Every structure is written in C-alpha cells, then in structure tokens.
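Let me begin by presenting the structure, written as structure tokens, before commenting on it.
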Amino acid sequence: MTMVPRLKTLYEEEVKASLQQEFGISNPMAVPRLEKIVLNMGIGEAIQNIKILENAVPELALIAGQRPVITRARKSIAAFKLREGMPIGCRVTLRRNRMWYFLDRLVTVALPRVRDFRGISDRSFDGRGSYTLGIRDHLIFPEVDYAKSDGSKGINVTLVTSAESDAQALHLLRGLGMPFAA
C-alpha cells in the first residue's frame with residue numbers, strides 16, 4: 001500500500017472545502033488544485049565552464065527526487081558569448097505524489113532554513129494562478145551536501161495551479177501552508 005502525501009490529504013479534506021465555500025464553487029471538479037511544480041536552475045556560468053552544469057544536474061536531481069533535463073539556449077546572444085543550442089541550465093517538472101512531497105519539504109524544511117526569513121511575497125503571481133518563487137541558495141535543501149557543492153546556485157520554483165485568478169491561487173497555497181508574509 002502506498003502512502004498518501006500529507007499535503008494531498010490536507011487539500012482533499014480541508015482546503016478544497018474552504019475554497020468551495022470562499023469562492024462559491026458548486027462543482028467539485030472546478031475547485032482550484034495544484035497541477036505541477038517546475039524547478040528551474042539557470043546557470044549562466046556554464047558558458048565558460050561546463051563543469052558547473054555537470055555538478056548542478058545531480059544536485060537538482062537530489063532536491064527533486066527526479067532526473068532533470070538540460071535546457072539549451074534558444075537564441076545566440078553575442079554580448080553574452082552565447083550560441084544557440086549551448087547548455088545553460090537544467091529543469092525538472094514534478095507531478096502527482098512527487099509534487100506533494102516536494103511542496104511539503106519546501107514549506108516545512110527548506111524555507112525555514114533561509115536566513116532572516118520573514119515569509120514569501122504574495123505578489124509573484126502571474127495573473128493566471130501560477131506562483132513563482134526565487135530561491136537564491138539551493139543549499140537550504142538538506143539533501144544537498146554543502147562540502148561537495150561548488151558554491152550556491154539559485155532555483156526558480158513555479159507552482160502551477162488550475163486557479164482562474166490570483167486570489168483563488170493565493171487562498172489555495174495559503175491553505176497548503178505556504179508562509180506568505182503578513
């Protein structure tokens with residue numbers, strides 16, 4: 001028997017009903033839900049030193065619990081000495097149980113480890129219910145070994161929801177325990 005993630009149970013039992021009541025949604029299938037989480041690590045230094053990217057891929061795999069894909073430049077930009085097709089980062093898309101487990105670790109373990117943490121901004125919504133959070137230092141995740149890492153790298157975490165508005169998405173993420181600043 002597989003274990004159901006804690007946050008998924010919280011969503012099904014409490015958050016879903018709260019969203020239905022708050023926004024007057026009668027159809028249970030129309031209630032906003034978390035669809036996927038995309039982790040993106042853009043590594044500009046990979047242009048000069050490909051070794052940095054080779055070290056970043058296994059670190060992102062440890063954080064996500066899933067192997068990332070290498071992202072490549074779409075266009076050539078002479079000012080940055082960047083040619084089309086050069087590897088410039090890595091990303092991974094989490095869905096279903098892996099998504100719920102990652103969100104749980106992000107909210108309960110990683111974010112509280114940020115120095116001088118006072119909550120995250122509630123202004124990073126895109127207008128269609130997705131929320132993007134920039135993490136400056138990937139070393140806040142306990143899976144990454146500080147001694148083996150070659151410096152801190154930033155990660156963009158995008159939480160994609162099925163919400164129709166930012167207000168619905170904010171209510172959903174707040175219900176799931178995202179520590180928004182007051």
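The values are calculated or read from the model by the stated rules, or taken from the named source; none is laboratory data. Keep in mind it's a predicted model, so treat the numbers as computed, not measured. All Cβ positions, glycine included, derive from the backbone under ideal geometry; neighbour counts span all protein chains shown. Only protein heavy atoms, including side chains, enter the accessible area calculation; ligands, DNA and RNA are left aside. Shrake-Rupley method; radii C 1.70, N 1.55, O 1.52, S 1.80 Å.
Here are a few things to note about the model shown:
- Hits in region 1-38 (condition: part of a loop (DSSP other than H, G, I, E, B) and among the small types (G, A, S)): G24, S26
- Members of region 61-87 that are open to solvent by 50 Å² or more (accessible area, probe 1.4 Å), of a type in the set (A, V, I, L, M) and closer than 28 Å to E143 by Cβ: L62, V69, I70
- Within region 138-166, being assigned to a loop (DSSP other than H, G, I, E, B) and acidic (D, E) holds for E143, D145, D150, E164.
- All conditions in (1) of a type outside the set (V, I, T); (2) at pLDDT below 80; (3) within 15 Å of the chain's Cα centre (by Cα) hold for P142, with the sole exception of (3).
- Selection from region 126-137 of residues that are open to solvent by 30 Å² or more (accessible area, probe 1.4 Å) and either outside any loop (DSSP other than H, G, I, E, B) or hydrophobic (A, V, I, L, M, F, W, C) (or both): T132, G134
- Selection status of L111, modelled with pLDDT under 80, outside any loop (DSSP other than H, G, I, E, B) and not charged (D, E, K, R): yes
- Filtered by the rule that a residue be surrounded by fewer than 19 Cβ atoms within 10 Å (Cβ to Cβ) and within 16 Å of Q20 (Cβ to Cβ), region 156-169 gives S162, E164, S165, A167.
- Residue within region 59-67 that is of a type in the set (K, R), within 29 Å of S162 (Cα to Cα) and in contact (Cβ under 8 Å) with a residue 24 or more places away in the chain present: yes
- Boolean, V114 is in contact (Cβ under 8 Å) with a residue 12 or more places away in the chain, surrounded by fewer than 19 Cβ atoms within 10 Å (Cβ to Cβ), more than 18 Å from T71 (Cβ to Cβ) and touching an Asp or Glu at 6+ places or on another chain (Cβ under 9 Å): yes
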